[in-house]
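The values are calculated or read from the model by the stated rules, or taken from the named source; none is laboratory data. This structure is a prediction, so every number in the text was calculated from the model and none was measured. Cβ coordinates were reconstructed from backbone atoms using ideal geometry, including for glycine residues, and neighbour counts include every protein chain displayed.
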Amino acid sequence: MKKYEIQNQQDTRSGFGAGLTELGRTNPNVVALCADLIGSLKMDQFIKENPERFFQIGIAEANMMGIAAGLTIGGKIPFAGTFANFATGRVYDQIRQSIAYSGKNVKIAASHAGLTLGEDGATHQILEDIGLMKMLPGMVVINPCDFNQTKAATIAAAAYDGPVYLRFGRPKVPNFTPVDQTFEIGKAVILNEGTDVTIFATGHLVWKAILAGEILAQQGISAEIINIHTIKPLDEKAVLASVQKTKCVVTAEEHQMNGGLGDSIAQLLAKQLPTPIEFVAVNDKFGESGTEEQLMTKYGINTPNIVEAVQKVIKRK
């Protein structure tokens, strides 16, 4: 089992802020919009350096998406930022009609996604956003795992011509991917090669999968761990190559079981390579108020749940 060194603990939203700041210095077409959450989206430095390229829309998210779509007509690359709940559920019609249907070059920057928003509770936690966004034709869906990868993903999103949904979160998580990485949209990252089971993880669950892999190694189970940072387009070649070797799968995500990463993997395997699969995800429930660790444990999306799912799926091979 490959060992990963934790560089520090940082929130992925700060990775977005760092990426946006770098884009502000290197790409004059990048602009930023926010729905009254500058501090939460870590946009402060970009605004300080580029005040003329920032638009404070206020608590009017639907209007923000329409303005972002309009800015692309003049060649701008807008990053529209707010909480994931408000960036998707509140404005789905505007995203569908004005951005996705029209193929506009808008980057939807969605912070505070999933259960790990914590004490703010179910009304602010969203566990359906990946499903909502991946169903839109032409929409790229990215869910990076740490600070460094989120920064790189933000820069890559600006270089991509088309709508992108970029999902990140509030809690500080281990920062372990390379500082100087090149982020390739739609290209999975193999973190650990294995032969007994493949664990496909995304976002905050990637580190949990690595920890699970260490526990499994002590039990004599060789787990292949793959970081699916881009849920759409899915790296089908990497998925199939791994599953052909291991013959069973566990998916892990901070999202509803319906509509998320596991849904996409299962659909691919059902069509091309029927395989035993177990899902580590929230099972048809809304969240609630609590700490990050309390919620991940209660809703079954923590390291022990991944270990248990692996043990279960191996018996089904």
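Listed here are the residues, each with its yes/no results for (1) within 25 Å of Pro174 (Cα to Cα); (2) of a type in the set (Val, Ile, Thr); (3) buried (at least 23 other Cβ atoms within 10 Å of the Cβ).
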residue	(1), (2), (3)
Ile99	no, yes, yes
Ser102	no, no, no
Gln125	yes, no, yes
Met133	no, no, yes
TODO: Take Ala113 and decide whether it is closer than 17 Å to Phe168 by Cα, at pLDDT 95 or above and not in a loop (DSSP other than H, G, I, E, B).
DONE: no
TODO: Could you pull out the residue among Gly114, Gly169, Gly162 that is surrounded by fewer than 22 Cβ atoms within 10 Å (Cβ to Cβ) and not aromatic (Phe, Trp, Tyr)?
DONE: Gly162
Task: Matching option when the condition is within 21 Å of Gly169 (Cβ to Cβ), free of Cβ contacts under 8 Å to residues at least 40 places away in the same chain and outside the structural domain of Gln256 (by TED's automatic domain parsing), among Arg13, Arg90 - done: Arg90
Open item on the list: Being at positive phi and part of a loop (DSSP other than H, G, I, E, B) is the filter here; which residues of region 116-143 pass it?
Closed with: Gly121, Gly138
- [ ] Filter region 56-67 down to the residues that are touching a helix residue (DSSP H, G or I) at 6+ places or on another chain (Cβ under 7 Å) and either assigned to a helix (DSSP H, G or I) or not β-branched (Val, Ile, Thr) (or both), then identify the one that is surrounded by the most Cβ atoms within 10 Å (Cβ to Cβ).
- [x] Met65
Open item on the list: Taking the criterion of being of a type outside the set (D, E, K, R), in a loop (DSSP other than H, G, I, E, B), on the phi > 0 side of the Ramachandran plot and free of Cβ contacts under 8 Å to residues at least 40 places away in the same chain, would at least one residue in region 27-36 satisfy it?
Closed with: no
Task: Count of region 276-296 residues which are closer than 24 Å to Cys248 by Cα and either free of Cβ contacts under 8 Å to residues at least 24 places away in the same chain or in contact with a strand residue (DSSP E or B) (Cβ under 6 Å, 6 or more places away or on another chain) (or both) - done: 6
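Per-residue answers, yes or no, for (1) more than 21 Å from the chain's Cα centre (by Cα); (2) among the small types (Gly, Ala, Ser):
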{"position": "Thr195", "(1), (2)": "yes, no"}
{"position": "Thr202", "(1), (2)": "no, no"}
{"position": "Ala212", "(1), (2)": "no, yes"}
{"position": "His229", "(1), (2)": "no, no"}
{"position": "Asp235", "(1), (2)": "no, no"}
{"position": "Val249", "(1), (2)": "no, no"}
{"position": "His255", "(1), (2)": "no, no"}
Task: Filtered residue count, region 172-195, keeping only those that are farther than 22 Å from Gly131 by Cβ, of a type outside the set (Phe, Trp, Tyr) and crowded, with 18+ Cβ neighbours inside 10 Å - done: 8
Task: Matching entry among Asp44, Asp36 (being among the acidic types (Asp, Glu), over 20 Å from Arg90 (Cα atoms), under 24 Å from the mean Cα position of the chain (by Cα) and not assigned by TED's automatic domain parsing to the domain that holds Gly194) - done: Asp44
